[in-house]
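Structure, as structure tokens:
Bear in mind these aren't lab numbers, they're just calculated from the coordinates by the rules spelled out. Worth saying up front: this structure is predicted, and the values here are computed from it rather than measured. Positions of Cβ are backbone-derived with ideal geometry, glycine not excepted, and every protein chain shown enters the neighbour counts.
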Amino acid sequence: MEKPSTAKIALKWGIISALLIIIYTVGLYISGYFKTPSLSWIPFILLLITIIMSMREFKSLNNAFMSFSEGLGVGTLLSAVTGLIASIFNYIYTNFIDTTIMQQMREMQMDQMEAQGLTSEQIDQAMEIASRFATPGLTFLFTIIGYVLFGFVFSLIVSAIVKNSKPEFEF
């Protein structure tokens, strides 16, 4: 039996993961719940679930065997695909479809700083610093890096649990 391709499985599950995250994100944007910080972790839970599913598929196609490195490779590559697609979608959505999202986020941050008791000068200074990092290019890059880093950590953990290496010597 031919060994399954880690890249093929990672691409398939990366696209599935990205689509799930895009659907979830659109729902947040439309409903206005994107301002709720606790809901921002759900895409990473979806990423973890798809990493688990991709490793299960790899194992089932490989006679129930998967080394640690194969699992780590599938999960990390899946995360990179997910991050790339999600970043492209987020860039298009916030820059062309609903350009008010970024302004709404800035207003939310300013409200939070006011609630913490910062002065208007401190808020202006903080917003000026934040605006340097909130450019479309950097947001695109940080999104990809974030998904890859979280995906790498998730893959390390899941791969260590799910792995089942082939025996060294078969008689």
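Of the residues making up region 74-121, those that are assigned to a loop (DSSP other than H, G, I, E, B) and among the hydroxyl-bearing types (S, T, Y) are T99, T100, T119.
If only residues of region 150-171 that are of a type outside the set (F, W, Y) and without any contact (Cβ under 8 Å) to a residue 24 or more places away in the chain are counted, the one that is farthest from E107 (Cα to Cα) is E170. Taken over region 1-58, the criterion of being farther than 22 Å from F152 by Cβ and among the β-branched types (V, I, T) is satisfied by I23, V26, I30, T36.
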